[in-house]
Amino acid sequence: MNTQTIHRVTHEIKRRRLEVLRVMDITPRMRRITLGGPELAGFVSLGSDDHIKLLFPQNAAEQAALESPAFSIKGDGPQPAMRDYTPRRYDPSSGELDIDFVLHGDGPASTWAEQVQVGQHLYIGGPRGSMIVPDIFDSYWLIGDETALPAIGRRLEELPAGRKVLAVIEIANAAEQQTLHSAADVEVVWVIRGQDDLIETLRHLTPPSGLLYCFVATETKLSRQVRRVLLDTHKVNEEYLKAWATGGPRAAKKSKPSKTLKINCGSWLACDSGGSGTSFCLIHRYRRQASFHNYRTRFRKLSRPTTINAITTNPAKIPPAFTNTCG
Ligand SMILES: Cc1cc2nc3c(=O)[nH]c(=O)nc-3n(C[C@H](O)[C@H](O)[C@H](O)COP(=O)(O)OP(=O)(O)OC[C@H]3O[C@@H](n4cnc5c(N)ncnc54)[C@H](O)[C@@H]3O)c2cc1C
């Protein structure tokens, strides 16, 4: 393998039960939770935009399943809610893992982070792999919302001196600005959601010179628009452009369930790793893009009748493969 190109390294997936060691608010809406404990030994996170699964059981059956030695993230049976988070800092010498949570006031992850106390436990899984971006670039253009700030902040800390970085970060309000540390030469543009226009801001910026790596992490539709601006207006090299969808703040506005589906025990449900209503919505989108098979999609046989919220603006468009399984 040529390690001087962008490449992916896979890791053994392991479930770990970690203990909350510290809780610190970085800004009013961003909370850093430091985890540790013996099961953190052997944790690996090689890429600054790695993600791990955080597992949040919602009832006694999910808690029992999670605590069983037979539990598998891909397995049948009760599955806790799973959410993607970035390992913000991992220090094997102190045995500490930091995760930064946006406190957005809804959902299993955010509500857990809001009530968290030192001494509580959290199960994590992964990372499944790391995208390695070798130090071959002169400059970096990093664009994201606050859910991408952990990945952007970590990359800035990992970059050496002599690299140029333009970071454009969309936040809810000015109080969400963080102090970001880096040996590189960094310019940060903070974009206030509802007040500034991220796309217009990007159109008018000049990317740093030299061989450029671009990272985009915002809500799906916005990420697509950002990509287009980078490719069409700024002519960046697509090979060096990585874009994720965070399902973050803007997605919240659209997450109004428009149809509830009851799915019978024994049916197969397609879902991404979370298996929530939001996942169903994503699959609907992936299917429309004819690419859902190659992302994180998997199929789960339901061990009990399940109700899901089909979050789509047009329930008539739910693919027959899904409606056929509905009771
Ligand atoms: C690869 C990757 C890495 C990520 N890393 C991080 C990270 O390090 N830190 C982090 O905080 N998030 C991160 N996220 C985003 C995080 O996974 C989602 O925000 C997730 O939906 C939060 O789960 P929840 O249980 O709190 O809310 P959910 O149950 O998923 O959602 C409940 C409601 O809240 C809305 N919502 C979800 N997230 C936000 C938000 N940020 N702001 C406003 N509304 C929201 C949803 O649209 C929905 O209406 C990452 C996402 C990805 C894909």
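Brief remarks follow.
- Close amide H partners of residue 241, meaning residues 5 or more places away or on another chain with modelled amide H under 5 Å apart, are 214.
- Packing, as the average of other Cβ atoms within 10 Å across residues, places the peptides 7-14, 52-59, 139-146, 171-178 in the order 139-146, 52-59, 171-178, 7-14, highest first.
- Net lengthening on full extension, residue 4/residue 177 (0.36 nm per residue, minus Cα-Cα): 58.9 nm
- Packing rank of 208-219, 231-242, where each peptide gets the mean count of other beta carbons within 10 Å, highest leading: 208-219, 231-242
- Rounded to the nearest Hz, the phi-derived 3J(HN,Hα) couplings of segment 120-134 under the Karplus curve 6.51 cos²θ - 1.76 cosθ + 1.60 (θ = phi - 60°) are 5, 10, 9, 8, 10, x, x, x, 6, x, 10, 8, 8, 9, x, where x marks glycine and proline.
- When both segment 104-163 and segment 25-94 are represented by their alpha-carbon centers, they are found 13 Å apart.
- Filtered trypsin sites (Lys or Arg not before Pro), segment 113-180: DSSP coil and at most 13 other beta carbons within 10 Å: none
- Where labels lie 7 Å past Cα in the beta-carbon direction, separation of residue 12 and residue 136 in nm: 3.0
- Length available on full extension from residue 200 to residue 68: 0.36 nm per residue minus the Cα-Cα distance, which gives 42.5 nm.
- Table column - 3J(HN,Hα) (Hz), segment 103-117, Karplus curve with 6.51, -1.76, 1.60, x for Gly and Pro: 8, 9, x, 8, x, x, 6, 5, 5, 5, 5, 6, 9, 4, 10
Read-outs throughout are calculated quantities, based only on the coordinates presented, and are distinct from any laboratory measurement. Keep in mind that this is a model prediction, so the values were computed, not measured. Cβ: placed from backbone, ideal geometry, glycine included. Neighbour counts: every protein chain shown.
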